[in-house]
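Asker: Quick one: the structure is below, questions incoming.
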Ligand code: ZN
């Protein structure tokens, strides 16, 4: 079952240039930065109550975030829903005819299990499911 909006993923060209905006202009607390090799990104997490903001900076030219930035520029990249059972959540989506990017969850930032649904099947919103982990 989906429990909350876990985080909103925002693609940025540079964490160093973007972090001050969230810290100083919005007054949000930087929780941590972390490189996620499997997705070729460096992330920075900010706290916004129960929900987090995840900034995503590409670490390679073939990073999915680099491709997103080339096409769309900086901005909202995905919405992540926290679920208590990611496998069941993926089955439910697949059964409803949604195209999955990941049939099997992978390990994302914070040691969470994560999987993405294809935006062509989700009315334009790249949708992530996540469960477990520390944040
Ligand atoms: Zn995410």
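What follows is calculated from the coordinates using simple rules that are stated; it is not laboratory data. Keep in mind that what you see is a predicted model, and the values were worked out from it rather than measured. No Cβ is skipped: glycine too gets one built from the backbone with ideal geometry, and neighbour counts run over all protein chains shown.
Asker: Is one or more of the residues making up the stretch 58-73 within 13 Å of the ligand (Cβ to nearest atom), without any contact (Cβ under 8 Å) to a residue 40 or more places away in the chain and either under 14 Å from the mean Cα position of the chain (by Cα) or farther than 20 Å from residue 120 by Cβ (or both)?
Answerer: Taking every residue of the stretch 58-73 in turn, at least one turns out to be within 13 Å of the ligand (Cβ to nearest atom), without any contact (Cβ under 8 Å) to a residue 40 or more places away in the chain and either under 14 Å from the mean Cα position of the chain (by Cα) or farther than 20 Å from residue 120 by Cβ (or both).
Table: residues versus (1) surrounded by 14 or more Cβ atoms within 10 Å (Cβ to Cβ); (2) touching a residue at least 60 places away in the same chain (Cβ under 8 Å).
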| position | (1), (2) |
| --- | --- |
| 8 | yes, yes |
| 11 | yes, yes |
| 14 | no, no |
| 21 | no, no |
| 24 | no, no |
| 38 | no, yes |
| 44 | yes, no |
| 48 | yes, no |
| 53 | yes, no |
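Asker: Another question, if that's okay. Take the residues in the stretch 26-36 that are more than 26 Å from residue 89 (Cβ to Cβ) and surrounded by 14 or more Cβ atoms within 10 Å (Cβ to Cβ); name whichever of them is nearest to the ligand (Cβ to nearest atom).
Answerer: Out of the qualifying residues, it is 33.
Asker: Give me a count of the residues in the stretch 104-135 that are away from the ligand (no atom under 13 Å from the Cβ), in contact with a strand residue (DSSP E or B) (Cβ under 8 Å, 6 or more places away or on another chain), in a loop (DSSP other than H, G, I, E, B) and at negative phi.
Answerer: Qualifying residue count for the region: 2.
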